[in-house]
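Below is one structure, written out as structure tokens; comments come after it.
No lab work stands behind these numbers, since they all come straight from the coordinates. Nothing here was measured: the structure is a model prediction, and the numbers come from that model. A quick note on method: Cβ atoms are made from the backbone with ideal geometry, for glycine too, and the neighbour counts reach across all protein chains shown.
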Amino acid sequence: MIGIKIEKIIFLMVVIGCFSAYCVRAQQVHRYTLASSQPPVLSADAGNDIYSEAGNTEILGGDPVATGGTPPYHYRWQPGEGLSDSEAISPGLMTGLQDITYSLTVTDSRRCTATDTITVFGIITSKTDEKINMVSVYPNPVQTLLTIQTGLQSGGLTLCNNQGETVLAEVLMSPVHYIDTSALPKGIYFLKVYAGRDEYTERIFVR
């Protein structure tokens with residue numbers, strides 16, 4: 001008679017707070033299902049990136065800002081400068097000329113944490129004369145087709161990338177002009193519309 005030794009294994013996962021651990025000895029595995037009352041994983045949503053003209057008021061935060069974990073939550077936005085309240089669930093801010101990335105940290109009652117970020121991009125415009133004040137560019141950000149309404153019967157435009165290289169130069173022959181941006185790499189561009197000595201410049205985001 002030949003004796004056979006079979007080792008039985010219990011696969012056990014223990015979850016404590018935000019962390020999990022398990023121990024396995026392998027030869028023969030017997031699986032067991034254990035009921036758990038652990039909450040879903042904590043997650044944070046700072047919201048989609050914002051593109052806004054300087055001086056506008058914007059609100060940070062997704063919908064909802066936090067899910068999972070064990071409420072109540074504590075919120076901390078960094079940097080806090082310029083925000084209405086750096087510990088509010090959805091603080092407000094007035095956009096400026098500089099692009100700023102904000103980091104959100106959510107902490108639940110078990111001190112588990114989750115983080116997310118959001119960048120606020122400033123749409124910068126400038127003009128040299130009120131005669132060219134009627135220029136309207138949309139949508140911005142753009143994915144496939146940019147519309148430029150100028151009110152001008154003649155003039156021109158250029159589109160430069162963030163390195164200052166001209167990627168497009170066209171003549172304006174009607175009050176409404178279109179630019180196909182579908183083939184452009186994603187990034188920041190500068191559109192210049194000119195008529196004589198008058199110029200209008202706007203920062204364009206292609207995504």
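Gap in Å between the Cα centre of the range 136-184 and the Cα centre of the range 42-94?
33
Taking the Cα-to-Cβ direction at residue 86 and at residue 174 and moving 7 Å from each Cα, how far apart do the two end points lie in nm?
Here the modelled spin labels are 5.3 nm apart.
Compute the signed sum of charges (Lys and Arg +1, Asp and Glu -1) over the other residues within less than 12 Å, Cβ to Cβ, of residue 83.
Working: positive: 76; negative: 58, 81, 85, 87.
Computed value for this residue: -3.
Can you tell me the equivalent ellipsoid semi-axes for the range 43-122? Use √(5λ) from the Cα gyration tensor, largest first, whole Å. It would help to have the intermediate numbers written out before the result.
Working: eigenvalues 114, 23, 18 Å².
Here the semi-axes work out to 24, 11, 9 Å.
Quick one: which of 83-92, 158-167 comes out on top by average Cβ neighbours within 10 Å, and what's the full order, highest first?
Highest mean packing first, the order is 83-92, 158-167.
Quick one: what are the phi-derived ³J(HN,Hα) couplings along the range 61-69, Karplus 6.51/-1.76/1.60 with θ = phi - 60°, whole Hz, x for glycine and proline?
For the range 61-69, the Karplus curve yields x, x, 9, x, 6, 9, 9, x, x Hz.
In Å, what Rg and Dmax follow from the Cα atoms of the range 124-206?
Reported Rg and Dmax, both Å: 11.7, 33.
Using a basic spin-label model with each label point 7 Å from the Cα along Cα→Cβ, how many nm lie between residue 110 and residue 56?
4.0
Suppose each label sits 7 Å from its Cα in the direction of the beta carbon; what would the residue 38-residue 134 distance come out to in nanometres?
A separation of 6.5 nm, rounded to one decimal place.
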